[in-house]
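This report concerns only the one structure given below.
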Amino acid sequence: MVKPYLDAFMRLWRLAVRPTRGRTALALRTAIVCMALVLIGEIWQLPMLTLLTLTLGALWQGNRVANMKISVMYVIFFSGVTGALYVGVVTTINNFLATLIFNLVLSFVFFFLSTTTILGMISVIGGLILSYMLVALDNVQSGDSIARLVLSAWRVFLIIAGMMAFVGSSLSPSPKHVLTDQIIERLRLSAKCLGRRGEGRNIPQAWQDAVMDTVGEGVSGMFGMLGASTAEQRWSPEDLSYLRRAALNSFGILQFVERCLKPNASIPREDCVYLARRLEEAAECFETGGRPAETGTAQVCSGDIAREMERLLNSLDQPLTAEDVQLPSSQSGEAAPKKKKSAFFLPGAFTDPEHVRFAVKGTVSVFLSIITYKMLNWPGVHTCIITCFIVSLPTMGAVLDKQRLRIVGALIGCFMAMGTIIWLMPHMTDIAEIMLVMGVVIFIGAWVKAGDQRISYLGLQIIVTFTLADLAKYAPTTDLTVPRDRIIGILIGLAITYVVHTMFWPHSAMGGAIQKLKALDALLAQDVTDWNHDQRMLQAAKVQETASGAMGQLRQVMLEPSYMRPTRHRMRQYMLFLRRAAMSAASLFGDIAANRNKQALRLGQILKGGEAASLNEGGGL
């Protein structure tokens, strides 16, 4: 009875402590920037001091191009937010009902923009800060004081954007550096697994999980870094073409390594030792800023899988342009049309009614939180309003998933804050000691946030809850009721969000899962016989990405109430299809694909019961 829960905890623990390349540096940069921002806020006594780390921790990116892009959008967006805030406060001053209506109208706009535009999290942060300020300004009677606070808030926005733009440009690495780290991480992970296999020892479960998770990421993230490197205009197209080759081949190698995780995989130990050495040499070459030298075409390995990995290693010295991996269309051999540049509004922004329903549900949650906050007359539980913005998501499964992470992260952050107040605050004598303690906690939260997307929200909550508790005033916090009130406010907000998203237009994550399953079925149906090796490898990456996305959606579906999710038998069929699709992805490229005679299993065959005898392959739920 205990084993499933223990296994789930161990998977969560392995995700939290997985030492990926660049994770420590990203967490350290986040901690340094947050500490500097808190120090500036303490010196200047800026308003909304407790929300500074939330904003910076949520929006901080791992490369300078992304930080610069977000900072520009942040300044433009929040300048408009500040103007709207000033106009709204001036017209609704000393009128709670008018202020509430104005707050709800803007909350609806922010919720709508968060799912229909490229703003995303920026819109959520905007709604969060605006609602918090409107509630706080309701107690201010002087119009002059309100104007000063609004201008101070705009100064806070400019400081945050400046930290992301200028400090992020100097501290954050370039997208090319981030891409190189990802390539090195994949090559070394492959080398470690093959080295273990060559020594005849079992591969640790943490390494196996890392291989499967990394394969599921595909190459979209790495190709996105290539696009950002091109926009930076600091690197030659030739250098980027070699990195494109390395990115695609590193995925292919790791795809074959995943097949070697099974004990009965047909790969000789001698080949594993040889390939592990070659992979380490290639990783060291990329780490020193060089390129793998030309190695010729002589084959040393004997097994089929090993020969495929060796071929990918031998081709690392060949450039790869974007045109070489352009996938042909499914109907003809002509090249697929180029994608249009992304606009401000996403496709279906004004045609899909779910966006409006989500905005309405989020607005109702904010309304109930504000009413509860005012009725309780308990200033310490203002986190209930913040919670409504942070955990509101379009589907029920996503809401429940984020609520679990918020509860766990909030409890961890609250216990850290209480421990700091009890054992450390009495011994502190200057601001440097407080900053050091805050830096350590923020580093821990940033480390978790820089990890897998399934637990990154947990790290953000550790940072947010700790700073909300220990930065309540412009002085060290010595009252334990502060973290207590913060956690109570979070629980109130979670309860309100759950009730609203359950009662009003509950939207299951199964719709998104079905779309991904159909997209995966279409990918498997394409004929890749006349495609080259690189196109097949890219197609395999798309298959893995789509299968991983569908698997994540199905995990969220299992958190939803029983009346919203499919039967257990149907879920096993979906899981079986995803496992078969992931197994088929490795056979889409290389000489193994040319000799493949078995056609890929289709979704319709499983749902019609053609594979009922093999449903145990679907695994546990």
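Restricting attention to the range 328-369, which residues are at pLDDT 75 or above, open to solvent by less than 80 Å² (accessible area, probe 1.4 Å) and either polar (S, T, N, Q) or over 26 Å from the mean Cα position of the chain (by Cα) (or both)? Walk me through it before giving the result.
Taking the range 328-369 and keeping what is at pLDDT 75 or above, we get 344-369.
Pick out the ones that are also open to solvent by less than 80 Å² (accessible area, probe 1.4 Å) and you get 346, 348-349, 352-356, 358-369.
Within the range 328-369, 363, 364, 365, 367, 368, 369 qualify.
Need the failing condition index for residue 542 against (1) under 25 Å from residue 575 (Cβ atoms); (2) open to solvent by less than 30 Å² (accessible area, probe 1.4 Å); (3) basic (Lys, Arg), just the number.
Looking at each condition in turn, residue 542 falls short on (2).
Determine which single condition residue 115 fails, assuming it passes every other condition in (1) open to solvent by 30 Å² or more (accessible area, probe 1.4 Å); (2) more than 30 Å from residue 350 (Cα to Cα); (3) in contact with a Pro (Cβ under 9 Å, 6 or more places away or on another chain).
Among (1) open to solvent by 30 Å² or more (accessible area, probe 1.4 Å); (2) more than 30 Å from residue 350 (Cα to Cα); (3) in contact with a Pro (Cβ under 9 Å, 6 or more places away or on another chain), the lone unmet condition for residue 115 is (2).
Here is a yes/no grid of residues against (1) in contact (Cβ under 8 Å) with a residue 24 or more places away in the chain; (2) over 16 Å from residue 489 (Cα atoms):
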site	(1), (2)
361	yes, yes
375	no, no
387	yes, no
391	yes, no
407	yes, no
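Which one is farthest from residue 436 (Cα to Cα) among residues in the range 17-57 that are within 17 Å of the chain's Cα centre (by Cα), hydrophobic (A, V, I, L, M, F, W, C) and open to solvent by 20 Å² or more (accessible area, probe 1.4 Å)?
Initial filter on the range 17-57 (within 17 Å of the chain's Cα centre (by Cα)): 17-24, 26-27, 30, 54-57.
Restricting the remaining residues to those that are hydrophobic (A, V, I, L, M, F, W, C) gives 17, 26-27, 54, 56.
Of the ones still in play, those that are also open to solvent by 20 Å² or more (accessible area, probe 1.4 Å) are 17, 26.
Values: 17: 22, 26: 18 Å.
Step by step, filter the range 17-57, then rank; the result is 17.
The conditions are (1) open to solvent by less than 10 Å² (accessible area, probe 1.4 Å); (2) over 25 Å from residue 501 (Cβ atoms), and residue 386 fails exactly one of them. Which is it?
Result: residue 386 passes all but (2).
For residues that are in contact with a Leu (Cβ under 8 Å, 6 or more places away or on another chain) and either charged (D, E, K, R) or without any contact (Cβ under 8 Å) to a residue 60 or more places away in the chain (or both), scanning just the range 182-206, find the one that is nearest to residue 7 (Cα to Cα).
So, considering only residues that are in contact with a Leu (Cβ under 8 Å, 6 or more places away or on another chain) and either charged (D, E, K, R) or without any contact (Cβ under 8 Å) to a residue 60 or more places away in the chain (or both), the one nearest to residue 7 (Cα to Cα) is 203.
If we keep just the residues of the range 430-479 that are among the polar types (S, T, N, Q) and over 22 Å from residue 21 (Cβ atoms), which is surrounded by the fewest Cβ atoms within 10 Å (Cβ to Cβ)? Explain how you work it out, then say what you get.
Taking the range 430-479 as the starting set, the residues that turn out to be among the polar types (S, T, N, Q) are 453, 456, 461, 465, 467, 477-478.
Still in the running and over 22 Å from residue 21 (Cβ atoms): 461, 465, 467, 477-478.
Numbers: 461: 29, 465: 28, 467: 26, 477: 18, 478: 11.
By that ranking, first place goes to 478.
State whether the residues of the range 143-166 include one that is within 21 Å of residue 96 (Cα to Cα) and charged (D, E, K, R).
The answer is yes, given that some residue of the range 143-166 is within 21 Å of residue 96 (Cα to Cα) and charged (D, E, K, R).
Matching residues to (1) among the aromatic types (Phe, Trp, Tyr); (2) within 21 Å of the chain's Cα centre (by Cα):
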{"site": "83", "(1), (2)": "no, no"}
{"site": "92", "(1), (2)": "no, no"}
{"site": "112", "(1), (2)": "yes, yes"}
{"site": "181", "(1), (2)": "no, yes"}
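Just a yes or no: is a residue in the range 294-313 assigned to a loop (DSSP other than H, G, I, E, B) and at pLDDT 80 or above?
Taking the range 294-313 and keeping what is assigned to a loop (DSSP other than H, G, I, E, B), we get 294-303.
Okay, now just the ones that are also at pLDDT 80 or above, so none.
The answer is no, given that none of the residues of the range 294-313 is assigned to a loop (DSSP other than H, G, I, E, B) and at pLDDT 80 or above.
With the requirement that a residue be in contact with a Pro (Cβ under 9 Å, 6 or more places away or on another chain), at pLDDT below 90 and outside any loop (DSSP other than H, G, I, E, B), what does the range 199-226 give you?
Initial filter on the range 199-226 (in contact with a Pro (Cβ under 9 Å, 6 or more places away or on another chain)): 202, 224-226.
Filter once more, keeping what is at pLDDT below 90: 202.
Of everything in the range 199-226, nothing turns out to be in contact with a Pro (Cβ under 9 Å, 6 or more places away or on another chain), at pLDDT below 90 and outside any loop (DSSP other than H, G, I, E, B).
Check 190, 172 and return the single one that is of a type in the set (S, T, N, Q) and at pLDDT below 90. Break it down stepwise before answering.
Working: 190 fails: at pLDDT below 90.
Exactly one of 190, 172 is of a type in the set (S, T, N, Q) and at pLDDT below 90, namely 172.
Kindly provide the set of residues from the range 370-383 that are out of contact with any Asp or Glu (no Cβ under 6 Å at 6 or more places or on another chain) and buried (at least 19 other Cβ atoms within 10 Å of the Cβ), ordered by number. Can you show your working first?
The initial filter retains those residues of the range 370-383 that are out of contact with any Asp or Glu (no Cβ under 6 Å at 6 or more places or on another chain), namely 370-379, 382-383.
370, 373, 382, 383, listed by residue number.
Please indicate, with yes or no, whether at least one residue in the range 463-485 is among the polar types (S, T, N, Q) and farther than 23 Å from residue 386 by Cα. Don't jump to the end; show me each part of the working.
Pass one, the range 463-485, residues among the polar types (S, T, N, Q): 465, 467, 477-478, 481.
Checking which are farther than 23 Å from residue 386 by Cα leaves us with 478.
Yes, there is a match, as at least one residue in the range 463-485 is among the polar types (S, T, N, Q) and farther than 23 Å from residue 386 by Cα.
Residue check: is residue 99 of a type in the set (Ser, Thr, Tyr), open to solvent by 40 Å² or more (accessible area, probe 1.4 Å) and either touching a helix residue (DSSP H, G or I) at 6+ places or on another chain (Cβ under 9 Å) or assigned to a helix (DSSP H, G or I) (or both)? Explain how you work it out, then say what you get.
Numbers: of a type in the set (Ser, Thr, Tyr): yes; open to solvent by 40 Å² or more (accessible area, probe 1.4 Å): no; either touching a helix residue (DSSP H, G or I) at 6+ places or on another chain (Cβ under 9 Å) or assigned to a helix (DSSP H, G or I) (or both): yes.
No, not satisfied.
Of the conditions (1) over 23 Å from residue 571 (Cβ atoms); (2) in contact with a Lys or Arg (Cβ under 9 Å, 6 or more places away or on another chain); (3) open to solvent by 30 Å² or more (accessible area, probe 1.4 Å), residue 527 clears all except one; give me its number.
Every condition holds for residue 527 apart from (2).
Are any residues in the range 419-429 out of contact with any Pro (no Cβ under 6 Å at 6 or more places or on another chain) and either open to solvent by less than 30 Å² (accessible area, probe 1.4 Å) or hydrophobic (A, V, I, L, M, F, W, C) (or both), and if so, which ones? Don't jump to the end; show me each part of the working.
Filtering the range 419-429 for residues out of contact with any Pro (no Cβ under 6 Å at 6 or more places or on another chain) gives 419-424, 426-429.
The answer is 419, 420, 421, 422, 423, 424, 428.
Answer with yes or no whether residue 160 is part of a helix (DSSP H, G or I), more than 22 Å from residue 359 (Cα to Cα) and under 34 Å from the mean Cα position of the chain (by Cα). Show your work before the answer.
Values: part of a helix (DSSP H, G or I): yes; more than 22 Å from residue 359 (Cα to Cα): yes; under 34 Å from the mean Cα position of the chain (by Cα): yes.
Yes, satisfied.
Quick one: which of 144, 138 is open to solvent by 20 Å² or more (accessible area, probe 1.4 Å), under 22 Å from residue 369 (Cβ atoms) and either at pLDDT below 75 or touching a helix residue (DSSP H, G or I) at 6+ places or on another chain (Cβ under 9 Å) (or both)? Give the derivation first.
Details: 144 fails: under 22 Å from residue 369 (Cβ atoms).
After ruling out the rest, the residue left standing is 138.
Each row is one residue, and each column tells you yes or no for (1) open to solvent by 50 Å² or more (accessible area, probe 1.4 Å); (2) aliphatic (A, V, I, L, M); (3) over 30 Å from residue 224 (Cα atoms); (4) modelled with pLDDT under 85.
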| residue | (1), (2), (3), (4) |
| --- | --- |
| 62 | no, no, no, no |
| 85 | no, yes, yes, yes |
| 104 | no, yes, yes, no |
| 111 | no, no, no, no |
| 126 | no, no, no, yes |
| 131 | no, no, yes, yes |
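Can you pull out every residue in the range 427-457 that is touching a Ser or Thr at 6+ places or on another chain (Cβ under 8 Å) and without any contact (Cβ under 8 Å) to a residue 24 or more places away in the chain?
Going residue by residue through the range 427-457, those that are touching a Ser or Thr at 6+ places or on another chain (Cβ under 8 Å) are 437-438, 441-443, 446-451.
Correct list: 437 only.
The values are calculated or read from the model by the stated rules, or taken from the named source; none is laboratory data. Since the model is a prediction, treat every value here as computed from it, not as a measurement. Neighbour counts run over all protein chains shown; Cβ positions are idealised from the backbone, glycine included. Note: accessible area is taken over every heavy atom of the protein model, side chains too, but ligands, DNA and RNA are not part of it. Shrake-Rupley method; radii C 1.70, N 1.55, O 1.52, S 1.80 Å.
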